Amino acid sequence: MDKEKKFSSRLGFILTAVGSAVGMANVWGFPFRFQEGGLFFLLFYLVFVTLFAYVGLSSEFAIGRRAETGTLGSYEYALNSKNKKKSHSFISKNIGFITLIGNLFIAIGYAIIVSYVCKALVDSISGELLHVNSKQWFESFSNNDYSVVVYHFLIILATLLTCIKGAKTIEKSNKIMMPAFFVLFVVIAIYIFTLPNALEGYKYMFRLDFDKLNINTAISAMGQAFFSLSITGCGMIVCGSYLDKKEDILSAAKSTALFDTLAALLSSCVIVPSILVFNLDQAGGPGLLFEVLPTILQNIKGGRIFAIILYLAVIFAGISSLQNMFEVVVESLIHRYKNITRVKALILIGLITFLVGVNMETIGKWGPWMDLVSIYIIPIGASIGAITWFYFWKKEEQLEEVNIGAKKKVGEKWHKLGKYVYVPIAIGLSILALVFKVTF
């Protein structure tokens, strides 16, 4: 692959990978589950996020770098790696479309959510958000068709522009957005810490509740860790394809997991103590971001400034995740269909995302859409990826790629951990989603 299509630095790669991972799962999923499960949830989460980064994330980085391409090319490479004649079958050439479709469908719904955040930012700047009933304000646009069309268009356009030159512009934008996200959330977290009774919120969040030492807490932490890292069988492959051979994949995977976890903890340190300080009901999902948080911001000194800071930070996280979702599809289209240029592919993805999404901007439409994708398509794609990397990709090649540039080499034990622990967990999460309709 051309050097111009590679990340220019390890930092740029990590920030891009973190940008892909950090999103709504960190902002409204993790705090809700952390508040629910306490310290035992956090301990389970740390165990699982370490495991998933060590074998799952690193294997997706590795296949992308080995194949020097994204989803479609990587599956084709892995599934034919043991066949010396390289007779590429229909399955090996097209199985990656399952994960691509899931990725595109998630992008359609995700763009709507970020549009809501954009409206919240604009209303914070104007001051409207600080003087309304947050529930009524949220319902005023979440229950009405075509209520965030302008914001919807602007978010998609901004994402497309940051993807216009591939790795180059994606890396540059994430070097701005991701540090800004962390700095902005740190500022808010420090302020929340100074509020009366905030310490009680931290005590509650980190409580040792033995009633939560159960299988439900473990499964909640497992699912949160798995999907928070965006190990969906396609998302991190394209990041790996832009990674230089001299870089340490295992170290990069650990750094990605570390910063992703820090983002989730920062969000929790802002949200959970605030909920308890103001005696608000525990909430997760959109209700947390668009009803609970506005109520909190209305009741703190300098709420307007902090509202602007918070929603701007969430927009940065949202656009960085959308970047990856778009780039995954764009790269595969360019790889498979040689007559499609990057600009054409971006315009196509932008149009699909906008035209489909604009007709389901109400929460009653995109909510079930996101549940459908997260229950049926994403878990299946993640399982296909896990099985492909550890059962079909030639083990010697996989280990060789993971160890290129590594300070500490891995071997048979690493591969067995992936094959006999990571893969069954991925399949198990898919079964939980498919059979019991569990969403993560």
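The values are calculated or read from the model by the stated rules, or taken from the named source; none is laboratory data. Bear in mind that the values here come from a model prediction, so they are computed numbers and not experimental data. Reconstructed Cβ throughout: ideal geometry from the backbone, glycine too, with neighbour counts over all protein chains shown. SASA here: full protein model, heavy atoms, side chains in, ligands and nucleic acids out. Shrake-Rupley method; radii C 1.70, N 1.55, O 1.52, S 1.80 Å.
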(message) If residue 141 meets every condition in (1) closer than 28 Å to residue 345 by Cα; (2) more than 18 Å from the chain's Cα centre (by Cα); (3) open to solvent by less than 10 Å² (accessible area, probe 1.4 Å) apart from one, which number is that one?
(response) (1)
(request) Name every residue in the stretch 400-429 that is within 25 Å of the chain's Cα centre (by Cα) and of a type in the set (Val, Ile, Thr), in order of residue number. (result) 402, 421, 423, 425, 427
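Residue-wise test of (1) within 30 Å of residue 58 (Cα to Cα); (2) open to solvent by 30 Å² or more (accessible area, probe 1.4 Å).
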residue: 250; (1), (2): yes, no
residue: 259; (1), (2): yes, yes
residue: 262; (1), (2): yes, yes
residue: 267; (1), (2): yes, no
residue: 272; (1), (2): no, no
residue: 280; (1), (2): no, yes
residue: 296; (1), (2): no, no
residue: 299; (1), (2): no, yes
residue: 316; (1), (2): yes, yes
(request) Could you tell me whether any residue of the stretch 347-368 is farther than 15 Å from residue 109 by Cβ, aromatic (Phe, Trp, Tyr) and at pLDDT below 95? (result) no
(request) Could you grab me the full set of residues in the stretch 5-24 that are surrounded by fewer than 24 Cβ atoms within 10 Å (Cβ to Cβ) and either in contact with a Gly (Cβ under 7 Å, 6 or more places away or on another chain) or not in a helix (DSSP H, G or I) (or both)? (result) 5, 6, 7, 8, 9
(request) Check the stretch 327-338 and report whether any residue there is without any contact (Cβ under 8 Å) to a residue 60 or more places away in the chain and open to solvent by less than 10 Å² (accessible area, probe 1.4 Å). (result) no
(request) Among residues belonging to the stretch 192-209 that are within 30 Å of the chain's Cα centre (by Cα) and among the hydrophobic types (A, V, I, L, M, F, W, C), point out the one that is surrounded by the most Cβ atoms within 10 Å (Cβ to Cβ). (result) 205
(request) Would you confirm whether any residue within the stretch 25-36 is over 20 Å from residue 220 (Cα atoms) and in a helix (DSSP H, G or I)? (result) no
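Residue by residue, here is whether (1) within 14 Å of residue 55 (Cα to Cα); (2) open to solvent by 60 Å² or more (accessible area, probe 1.4 Å); (3) of a type in the set (Asp, Glu) holds:
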{"site": "360", "(1), (2), (3)": "no, no, no"}
{"site": "365", "(1), (2), (3)": "no, yes, no"}
{"site": "372", "(1), (2), (3)": "no, yes, no"}
{"site": "377", "(1), (2), (3)": "no, no, no"}
{"site": "383", "(1), (2), (3)": "yes, no, no"}
{"site": "392", "(1), (2), (3)": "no, yes, no"}
{"site": "410", "(1), (2), (3)": "yes, no, no"}
(message) For the list (1) buried (at least 16 other Cβ atoms within 10 Å of the Cβ); (2) modelled with pLDDT of 90 or more; (3) more than 30 Å from residue 422 (Cα to Cα), I need the number of the one condition that residue 161 fails.
(response) (1)
(message) Just the residues that are out of contact with any Asp or Glu (no Cβ under 8 Å at 6 or more places or on another chain) and among the β-branched types (Val, Ile, Thr), please, taken from the stretch 278-321.
(response) 295, 296, 300, 305, 308, 309, 314, 315, 319
(message) Among the residues of the stretch 344-397, what is the count of those that are within 30 Å of residue 77 (Cα to Cα) and of a type in the set (Asp, Glu)?
(response) 2
(message) Looking at residue 62 and the list (1) in contact with a Lys or Arg (Cβ under 9 Å, 6 or more places away or on another chain); (2) at pLDDT 95 or above; (3) not polar (S, T, N, Q), which single condition is not satisfied?
(response) (1)
(message) If residue 130 satisfies all but one of (1) open to solvent by less than 50 Å² (accessible area, probe 1.4 Å); (2) more than 30 Å from residue 395 (Cβ to Cβ); (3) modelled with pLDDT of 95 or more, what's the number of the condition it fails?
(response) (3)
(message) If residue 151 meets every condition in (1) open to solvent by less than 10 Å² (accessible area, probe 1.4 Å); (2) of a type in the set (Ser, Thr, Tyr); (3) within 20 Å of residue 285 (Cβ to Cβ) apart from one, which number is that one?
(response) (1)
(request) For the stretch 342-440, please list each of the helices (runs of 4 or more DSSP H) lying entirely inside it that holds at least 2 residues being over 30 Å from residue 285 (Cβ atoms). (result) 342-357, 395-403, 412-417
